[in-house]
Structures are given as C-alpha cells and as structure tokens.
Amino acid sequence: MLRTGASDELIVGVGDVFVTKMYSTAMGDYEMHNRIVVFEQDRCIAWEPGNPELARNGSLWRYDLIPDGPYATVVTETYDCSESPESVREAVDDGNAWLAGMTKTLERLDELCATQ
C-alpha cells in the first residue's frame, strides 16, 4: 500500500506529522497524515493515521526497538484498533487483516539493515 514520495521531515517528538502516499484497490491513491503520539528516540514511535478529509479512526501503529547486542535490534510492530469504531475493527478484522503486510514490512526492514 505504501508508495514512494512520502515526506522526509525529521521526526523529533510527539505532535509531529509525517505524510505517506498510499494506494489500495478500494480507495485508489491517497495520502495519510500520521500524527506522532509516542516518541522515544531509538526506542519507540507510535502514530495515529488520518488524512485531512477524514477524522482519525482510533487506529494506532507502533514500533518498539530493543537493542540485542552490538549490531542487532529486535523490532516489534503493533497495530491497535481497540479505540476504533466497530466498523473499522470489522473492516480490518480487529487488525488481523494487517498481519501479512506487517510480516513483510519486518522482513524488508531486516533485509535493508542486513545489507548496511
């Protein structure tokens, strides 16, 4: 779903917004304006996705980073829709709809870090 051309602004704290360009069959091309709600540099980042036309839907994405030796980090990705309306929870099967994509994201992150 993620497309190239996302914003490249440096995130420095809670309240910052970064934009991602997205595509889905149901919505076509669109942008998400993601507001940072948790930020601890090199440890965790969480954001609420939304866009200028729609209200936020209660979804929360989060990455937690735990050092694992001098050259490794354990990354945990979380999607939480427990604060979302029932229609959103149903549409994403309580987050289960994202599991394959989350797995691919973490695999891709591992590939990119392994080549550095």
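The values are calculated or read from the model by the stated rules, or taken from the named source; none is laboratory data. Bear in mind that the values here come from a model prediction, so they are computed numbers and not experimental data. Note that each Cβ is placed from the backbone with ideal geometry, even for glycine, and that neighbours are counted across all protein chains shown.
Taking the conditions exactly as written (surrounded by 14 or more Cβ atoms within 10 Å (Cβ to Cβ), within 14 Å of the chain's Cα centre (by Cα) and among the hydroxyl-bearing types (Ser, Thr, Tyr)), does residue 105 satisfy them or not? Full working, then the answer.
Values: surrounded by 14 or more Cβ atoms within 10 Å (Cβ to Cβ): yes; within 14 Å of the chain's Cα centre (by Cα): yes; among the hydroxyl-bearing types (Ser, Thr, Tyr): yes.
The answer is yes for residue 105.
Residue 71 passes every criterion in (1) among the aromatic types (Phe, Trp, Tyr); (2) touching a Phe, Trp or Tyr at 6+ places or on another chain (Cβ under 6 Å); (3) farther than 27 Å from residue 15 by Cβ apart from (2). Residues considered: 100, 55. Of these, the only one that is closer than 20 Å to residue 111 by Cβ and at pLDDT below 95 is 100. When segment 12-40 is limited to residues that are within 18 Å of residue 77 (Cβ to Cβ) and polar (S, T, N, Q), the one that is modelled with the lowest pLDDT turns out to be 20.
Considering only residues in segment 46-63 that are touching a residue at least 12 places away in the same chain (Cβ under 8 Å) and over 9 Å from the mean Cα position of the chain (by Cα), the one that is surrounded by the fewest Cβ atoms within 10 Å (Cβ to Cβ) turns out to be 52.
Across segment 65-85, the qualifying residues are those that are of a type in the set (Ser, Thr, Tyr) and more than 19 Å from residue 110 (Cβ to Cβ), and the one among them that is surrounded by the most Cβ atoms within 10 Å (Cβ to Cβ) is 84.
Screening 28, 95, 50 for residues that are farther than 21 Å from residue 8 by Cα, among the small types (Gly, Ala, Ser) and in contact with a strand residue (DSSP E or B) (Cβ under 9 Å, 6 or more places away or on another chain) leaves exactly one candidate, 95.
Looking at 12, 74, just one residue is more than 14 Å from the chain's Cα centre (by Cα) and part of a loop (DSSP other than H, G, I, E, B), and that residue is 12.
Table: residues versus (1) within 28 Å of residue 114 (Cα to Cα); (2) part of a helix (DSSP H, G or I); (3) touching a helix residue (DSSP H, G or I) at 6+ places or on another chain (Cβ under 8 Å).
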| site | (1), (2), (3) |
| --- | --- |
| 19 | yes, no, no |
| 29 | no, no, no |
| 58 | no, no, yes |
| 87 | no, yes, no |
